[in-house]
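Here's the structure we're looking at; comments come further down.
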Ligand code: SF4
């Protein structure tokens, strides 16, 4: 049986591998980047900062990390916890103090969900701080399970096939958000946070109820995983293996242009089971199994 130190080492390796792959797949970090690492005080952001620092030491490129916490002036927020932890690390940090708690309490009637206004205010403050401080990337601690949950929330309640992107350009194109933990499982992060004994700050200080729909989706997913181990990873893999030709969005695939014996000039991929319909006989044998590009 492995001891705690070995298990922690193996987990750290796994998280570094996950993060390294996500960074490389989406070109999240480039030489000279100044990265604002958003630290909420939860297990995810502590883990993100810890693993980013480990990768920074080994990376062949130079980039700067600045840990930033937004103190939203929630009641009983333990102001000393994060500075004490960050002082123990070799990292620059900054605490932004903005009383969004009072604004939210003032604007939202008692009993209504406060998260959407709160998140909007938080995003505005973080984006402005990043611009003012010449930040090139804003790193958030969302992980694989957040991405899957968001996918189902959009599917069930929004009628959209979309999730949380690993890399995002803000609407005004002034900020780039990255999610280096995009490939990491929540259970691995939770275990790692336990091993490392991060000084976790409870996330219910604002008194808001956790989003009920997200809670339900989380439960549904964990039941599925229990019943059918591996299902979550399969769902997650499907998000990076999309076949627009087998969905129903004409803006992503030129369905109107498909005719028998046509020559395919699109870069869109065509799945195997459709080759009979769309390819002339002479071309079938030259076809790569999953990708048909510019046949002529
Ligand atoms: S849980 Fe509280 S702090 Fe978090 S987004 Fe909702 S209102 Fe804001």
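Readers should treat all values here as calculations from the given coordinates under stated rules, not as data from a laboratory. Fair warning: this is a prediction, and the values are worked out from it, not measured in the lab. Cβ: placed from backbone, ideal geometry, glycine included. Neighbour counts: every protein chain shown.
Note on the chain: with a GNM built from Cα contacts shorter than 10 Å, the maximum mean-square fluctuation among 190, 243, 67 falls on 243.
Each label was represented as a point 7 Å from its Cα along the Cα-to-Cβ direction; for residue 99 and residue 133 these points are 2.3 nm apart. Once both labels are positioned 7 Å from their Cα atoms along Cα-to-Cβ, the gap between residue 219 and residue 190 label points is 1.5 nm.
Summed over qualifying helices (DSSP H, 4 residues or more, each -39500 (n - 2.57)) and divided by its residue number, the chain shows a 222 nm mean residue ellipticity of -13000 deg cm²/dmol. Taking 220, 164, 36 as the candidate residues, the one with maximal mean-square fluctuation in a Gaussian network model of the chain, Cα springs under 10 Å, is 220. Kindly state, to the nearest 0.05, the FRET efficiency for residue 71 paired with residue 255, given R0 = 45 Å and r defined as their beta-carbon distance. After rounding to 0.05, the efficiency reads 0.30. Put in line by how crowded their Cβ is, counting other Cβ atoms within 10 Å and starting with the fewest, 170, 251, 237 read 251, 237, 170. For the pair residue 170 and residue 61, the difference between a 0.36 nm per residue extended length and the Cα-Cα distance amounts to 36.7 nm.
Taking every pair of Cα atoms in the chain, average 1/r, invert it to obtain the Kirkwood radius, and report Rg/Rh to two decimals.
Rg/Rh for the chain comes to 1.03.
In plain terms, the residue of 214, 179 with the fewest other Cβ atoms within 10 Å comes first and the most crowded comes last, giving 214, 179. Full extension of the chain between residue 161 and residue 89 gives 21.9 nm of extra length, using 0.36 nm per residue less the Cα-Cα distance. Here the gap between residue 4 and residue 119, fully extended at 0.36 nm per residue and compared with their Cα-Cα distance, gives a gain of 37.7 nm. Distance between the modelled labels on residue 204 and residue 112, one decimal in nanometres: 2.4 nm (7 Å Cα→Cβ projection).
Based on Cα contacts under 8 Å between residues 6+ apart, the stretch 4-209 shows a relative contact order of 30 percent. Residue order for 151, 157, fewest other beta carbons within 10 angstrom first, comes to 157, 151.
Using a Gaussian network model of the chain in which every pair of alpha carbons under 10 angstrom is joined by a spring, one finds that among 140, 239, 181 the greatest mean-square fluctuation is at 239.
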